[in-house]
Amino acid sequence: MPKFYITTPIYYPSGKFHIGTAYTTVLANTIKKYKQARGYETYLLTGMDEHGQKIQQVAQKSGKTPQEHVDEMAKEAKKLWSLMEIEYDDFIRTTEPRHEKVVEEIFDKLMKQGDIYLSQYEGLYCMPCETYFTETQLVDGKCPDCGREVKKMKEESYFFNMKKYANRLIDFYNENLNFITPESRKNELFNNFLKPGLEDLCVSRTSFDWGIKVRKDPKHVVYVWLDALTNYITALGYLSEDDTLMKKYWPADLHLVGKDIIRFHGLYWPIFLMALDLPLPKQIYAHGFIMMKDGKMSKSKGNVIYPEPLVERYGLDAVKYFLLREMSYSQDGTFTPEGFIERFNFDLCNDLGNLLNRTIGMINKYFKGEIANYPTSISELDKQVESYSSGVIHSVEEYMDTYHISQAIQETWNLVSRTNKYIDETAPWVLYKEEKQEELQSVMYHLVENLRRIAILIAPYMEHTSCQILEQLAIPKELQTWQSLNKYDQLKNNKVTQTPEVLFARLEAAEEIEAIKAMMK
Ligand code: ME8
């Protein structure tokens, strides 16, 4: 069985997770479910990055020890992922002994082989990002990642000798053109960081102590990126007694990250792996950001939106649909209450929901709920619809295989629209009136068949809706699988439900827009 190991970033438990964090995780889960449907054995890793100065500060503010704080946050995070039905296989926390022990060993090993050396660091430090920058990397004198103030700081630190490996990484980039995707992000890394020459990376701190101690020099704690990135292998049991998963799943097939942390994943992580003599991940995909009308989400602007109230009010499938649809492969996406309600009312309620309802209504009215077998003769239009639908399956697969999820969804909705149009074109009510029994039957068959296909295509991200459609149409189990997508003539005397349920009830737009605005904090 082919295998697929996919990871999300491990998130900082510095505050409640918002829809940005949820987006990456939902995307990862969607890719996992898709791969499963295509016959892969999958492993999805997520978790939390629990060390560092920021966490220490946040805990202090709320009168807790850092450990108490992260323990609470881990519970919260797991609750959220359970609400969002994220089927992770492991949740790694960097404060767990299984991780800490291995990071200590890795640091030791890299020190012994001369990749890590002691020196003095003086630089411009961004506290929230826990990163030093050079003057030239700043944007308008501020942190290029988060836009906040930086501070000049100096401390004794251990450094990782990046320069030693830089050429090997350049070669690797040149030989593996899809290593970083989208290409624009790869070019950014290549031109802005690799070409001008990589700086050595500071990998320890003495200015705070909430971290993994360097064994040979315990006044230092391991700088958070060496600690954080290694989660992808410590979770699999690297250097531990049981390394079955490591053998089975490493190298990762896909590290999914946001564009803010591509630098760490695309430059430092591969070099750490080279130093450890481990194979590099197959691909890193850095997606864009969910933006708000007034720019980035931030508590100070009061425009942060959290997934829980949205899921509670509109259901999980609608939230997943919106997030995945709105974020294109390489650009940022925008969350607006208006956009959310519009997609709900148009795409989900009008287009998909009505298609199912109309179809079931007609089959009940015209054929007492039963559609017969594949028609013996079909019209030109039926043929066209069949081949259109097969074309959609093909392109959805292509898009999903390359993680263009938003485009895959658009393609699927093209099929929804095409099928709605097919009803208008064939005018079944006229066929009924004119008693064109066979033609009418063929139209009904094709409607059900398209809906069956749509349900299977949306299953990786809209599981409930998919199940509801398949159930209401009484599709047998063996015709609910991805493998059955291409079979167009297998339905036999299907008896659809007599009491169709509405998939998405139309919302009162103005009222709901206000409700979502009130959710923003
Ligand atoms: O960076 N839109 O953790 P983090 C889309 N601990 N995605 C968003 C987003 C937004 N508005 N905001 C956040 C860290 N994300 C490190 C990672 S990994 C070894 C260590 C997502 O809590 C996106 O995936 O700041 C981004 O890369 C990640 O959350 C940053 O999470």
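What follows is calculated from the coordinates using simple rules that are stated; it is not laboratory data. What you are looking at is a predicted structure, and each value in this text was computed from that prediction instead of being measured. Here Cβ is always computed from backbone atoms with ideal geometry, including for glycine, and neighbour counts include all displayed protein chains.
Taking the Cα atoms of region 1-149, what is the range of coordinates along each of the three principal axes, in descending order and whole Å?
51, 41, 34
For the pair Asp489 and Ser62, what calculated FRET efficiency results from E = 1/(1 + (r/R0)^6), where r is the Cβ-Cβ distance and R0 = 60 Å, to the nearest 0.05?
That gives a FRET efficiency of 0.45.
Given +1 on the Cβ of Lys and Arg, -1 on the Cβ of Asp and Glu, and no further charges, what dipole in debye does the chain carry about its Cα centre, rounded to the nearest 20?
In debye, rounded to 20, the chain gives about 700.
Quick check on the chain: of the DSSP beta bridges with both residues there, what percent are antiparallel, nearest 5%?
50 percent
Just for the Cα atoms in region 173-231, what are the lengths along the principal axes, largest first, rounded to whole Å?
Dimensions of region 173-231 along the principal axes of its Cα atoms: 41, 25, 18 Å.
Output the direction-averaged projected area (hull surface divided by four) of the convex hull of the alpha-carbon atoms of the chain, in nm².
26.1 nm²
Mind jotting down the three principal axis lengths of region 377-521 based on Cα atoms? Whole angstrom, largest first.
Answer, in whole Å and largest first: 59, 38, 27 Å.
Between region 377-409 and region 53-69, what's the alpha-carbon centroid distance in Å?
If you average the Cα positions of each part, the centres end up 51 Å apart.
Given region 481-521, what whole percent of its Cα pairs are spread farther than 15 Å?
For region 481-521, the fraction of Cα-Cα distances above 15 Å is 71 percent.
Give me Val150, Val26, Val311 sorted ascending by neighbouring Cβ count inside 10 Å, so fewest comes first.
Exposure proxy ranking, most exposed first: Val311, Val150, Val26.
Considering only DSSP states other than H, G, I, E and B, which trypsin sites (Lys or Arg not before Pro) in region 414-511 qualify as loop sites with at most 16 other Cβ atoms within 10 Å?
Here the sparse-neighbourhood loop sites are Lys436, Lys487, Lys492, Arg506.
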